[in-house]
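Step one of this worksheet: look at the structure below.
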Amino acid sequence: MGISERDRLMLDLEREWWQRAPTKEQAIRETLGCSPATYYAGLRRLAGSADAFAYDQLVVARLRRRLDRQRRSRFEPGPAARHRPR
């Protein structure tokens, strides 16, 4: 089925936002006209998409790694919890 033009814009923005505006939030609003929350929800959706991966493997792989780290940090204790004296 492929990805939409808006999805392509989101992936392109994730790759190059720092070249477009002083802040990422500003780049999101100027390029896509949406809130950062909407943008990040879209990126989470695209991270699981084979079509998005085919479009931009590096960005989607980076998104998947970031989401995996966030998921693990919620469920695994941090270094302080593992080394706490008894």
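Please treat every number below as a calculation from the coordinates, not as lab data. The model shown is predicted, which means the values in this text are computed figures rather than measured ones. All Cβ positions, glycine included, derive from the backbone under ideal geometry; neighbour counts span all protein chains shown.
Observations, loosely collected:
- Largest-first principal axis extents, alpha carbons of the chain, Å: 55, 32, 20
- Principal-axis analysis of the Cα atoms of the chain puts helix 5-20 at an angle of about 70° to the longest axis.
- For the range 55-65, the Karplus equation 6.51 cos²θ - 1.76 cosθ + 1.60, evaluated at θ = phi - 60°, returns couplings of 6, 8, 4, 5, 5, 5, 4, 5, 4, 4, 5 Hz by residue, with Gly and Pro reported as x.
- Label-point separation in nm, GLU76 to LYS24, each point 7 Å along Cα→Cβ: 2.1 nm
- Between ARG62 and ARG15, the simple spin-label model (points 7 angstrom out along Cα→Cβ) gives 1.0 nm.
- Helix 36-47 vs. the chain, principal-axis angle (Cα, 0 to 90°, nearest 10): 80 degrees
- The chain - mean residue ellipticity at 222 nm from DSSP helices (-39,500 (n - 2.57) per run, n ≥ 4, rounded to 500): -23000 deg cm²/dmol
- The protection proxy used here, the mean number of other Cβ atoms lying within 10 Å of each residue, ranks peptides 34-41, 49-56 as follows, highest first: 49-56, 34-41.
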